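Derivation of every value follows stated rules applied to the coordinates shown; laboratory data play no part. Predicted model only: the values in this text are computed from it and were never measured. Counting neighbours? That spans all protein chains shown, and the Cβs are built from the backbone with ideal geometry, glycine included.
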Protein chains: 2
Amino acid sequence: MKVRVSVSLKNGVLDPQGRAIHHSLEGLGFAGVKDVRAGRLIELEVDDSVTDEALDEMCRKLLANMVIENYRIERVAA
Amino acid sequence: MKVRVSVSLKNGVLDPQGRAIHHSLEGLGFAGVKDVRAGRLIELEVDDSVTDEALDEMCRKLLANMVIENYRIERVAA
């Protein structure tokens, strides 16, 4: 089973990477972009026996920095 | 309108970051993880007038490296 973990910065946390992307998009002439936030995407291939609790613990212990980041876990049909 | 762009490495492209995460998860005692791939998540806040074609062009010109990466664009209801 495939699991998709999205990790993004919490609101209010400064995001220099997102600002740089935003600035570059404007420099390339793309109009209508109001804000850009950069995050990470981690795709796991796991056994069906892996529980939601285990996935949650992986995020809290390793994949996300809970001080400044939020995470979202999605199970994707194989 | 919020747009979520997921950028992930193409199959076959070596992913040292994903391997490091996989290794760390095993080191922490998590069983059942078969593979890990690391990617990027870019969340854009755009005007409703921004077309799918413009978003596609943003990805091809800046957000993704088309040689080694795939991208997926999702419009999220505001």
- Protection proxy (average C-beta count within 10 Å per residue), highest first, orders B:55-63, B:12-20 as B:55-63, B:12-20
- Note on the structure: Averaged over the residues of B:42-50, the number of partner chain Cβ atoms within 10 Å of each residue's own Cβ comes to 6
- Task: Let me know the whole percent of all Cα-Cα pairs from the protein assembly as shown that are separated by more than 18 Å.
- Result: 60
- Could you size up the charge dipole of region B:2-76 around its Cα centre, putting +1 on the beta carbon of Lys and Arg and -1 on that of Asp and Glu, and report it in debye to the nearest 20? 380
- Message: Let me confirm one metric for peptide B:6-19, namely the mean number of other chain beta-carbon atoms within 10 Å of its residues' beta-carbons.
- Response: 1
- Task: Report the relative contact order of chain A, percent, no decimals, based on alpha-carbon pairs under 8 angstrom and at least 6 residues apart.
- Result: 56
- Message: For region B:2-76, I need the span (max minus min coordinate) of the C-alpha atoms along each principal axis, in Å, sorted largest to smallest.
- Response: 48, 25, 14
- Exercise: per-residue mean of other protein chain Cβ atoms within 10 Å, A:23-33: 5
- Message: Spelling out what I want: for every residue of region A:52-64, take phi, set θ = phi - 60°, compute 6.51 cos²θ - 1.76 cosθ + 1.60 (Karplus), and round to whole Hz; glycine and proline get x.
- Response: 4, 5, 5, 4, 4, 5, 4, 5, 5, 7, 9, 6, 10
- Task: Pop a pseudo-label 7 angstrom from the Cα along the beta-carbon direction at both B:L14 and B:E69 and give the gap in nm to one decimal.
- Result: 1.9
- Query: Any idea which of A:H23, B:V5, A:I42 is furthest toward the positive side of the dipole for the protein assembly as shown, if Lys and Arg beta-carbons carry +1 and Asp and Glu beta-carbons -1?
  - Reply: A:H23
- How many lysine pairs are close in the protein assembly as shown, with Cα atoms under 23 Å apart and the two 8 or more places apart or on different chains? 12
